[in-house]
Amino acid sequence: MAKSSGGTGTVIIKKYANRRLYNTETSSYITLEHLALMTREGRDFKVIDAKSEDDITHNVLTQIIMEEENRGQTMLPVSFLRQLIALYGDSMQSMVPQYLEASMDAFRRNQTQFRSAMEGAFTGGPFAEIAKRNLEMFEAAASAFKLKAGEGGGDAAAPASAGSPAADRDEELATLKAQLAGLQSQIEKLVR
């Protein structure tokens, strides 16, 4: 059981008494961060105790969660943790793992559908044109700010004369404001 079952199969990770983790697929020592990355990438792995050959994957995954939570990446609300702890020893305890797994699967499916819907909304339909205009306005505003920041030594209180860069900026800002007002009215029509 010291080998992995192939490049695409379950990777065997050995955990030694000195807490070091050894990836049998790559023949190298790794960290918990590597295991977290493998999890995010969808790689299947099994962590075994090098001495007893017990499966300790659950403990290691729990340790990864605890480290993420301690880093400030809190995802588990205190109320959820309290409810989870309260279920230990409860008659419903045996149903909790299946329920949580089904809930996470449903969440993952919904997340995928939401991403697809958002991508579709911006590639076609009424929101595509709005998104395109918003991007154009943002780029125009950013270039106007770059021009203003790039100019130096000018008197900010000096009046703008026709054809001057300041007058051009004022005209461009007025155009952007009008476009923004037009987009706002379009959004209000869509909401109604």
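Applying the Karplus relation 6.51 cos²θ - 1.76 cosθ + 1.60 with θ = phi - 60° to the range 60-69 yields 3J(HN,Hα) values of 5, 4, 5, 5, 4, 4, 4, 5, 4, 5 Hz, where x marks Gly and Pro. Database remark: amide H of Ile30 closer than 5 angstrom to the amide H of Leu21, Tyr22, Asn23 (H placed geometrically; neighbours at sequence offset of 5 or more, or on other chains; Pro and chain starts carry no H).
Largest first, the residues Lys51, Lys177, Lys132 sort by 1.4 Å accessible area into Lys51, Lys177, Lys132. Ignoring aspartates and glutamates fewer than eight residues from Lys46 along the same chain, the ones with Cα atoms less than 17 angstrom from its Cα are Glu25, Glu33, Asp54, Asp55.
A probe of 1.4 angstrom, applied to the heavy atoms of all protein chains, finds Asp55 with accessible area near 100 square angstrom. Sorted largest first by accessible area at a 1.4 angstrom probe radius, with every protein chain in place, the residues Ile65, Ile56, Ile85 fall in the order Ile85, Ile65, Ile56.
Take Arg19, Arg133 and sort them by solvent-accessible surface of the protein heavy atoms, 1.4 Å probe, largest at the top.
These residues rank, largest area first, as Arg19, Arg133.
Relative to the present Cα-Cα distance, how much length would full extension add between Leu183 and Met95 at 0.36 nm per residue of separation?
Taking Leu183 through Met95 to full extension adds about 26.6 nm, to one decimal.
Taking amide H as placed 1.01 Å from N in the peptide plane, the amide H of Val47 sits under 5 Å from that of Ile13, Ile56, Thr57, each at least 5 places away or on another chain.
Classified by the C-alpha gyration tensor, the range 36-93 has an oblate form. Its axis ratio a/c, with a ≥ b ≥ c, is 1.5 or above, and a/b does not exceed b/c.
The values are calculated or read from the model by the stated rules, or taken from the named source; none is laboratory data. Note that this is a predicted model, so its numbers are computed, not measured. Each accessible area value is taken on the protein alone, full model and side chains, heavy atoms only, with ligands, DNA and RNA left out. Shrake-Rupley method; radii C 1.70, N 1.55, O 1.52, S 1.80 Å.
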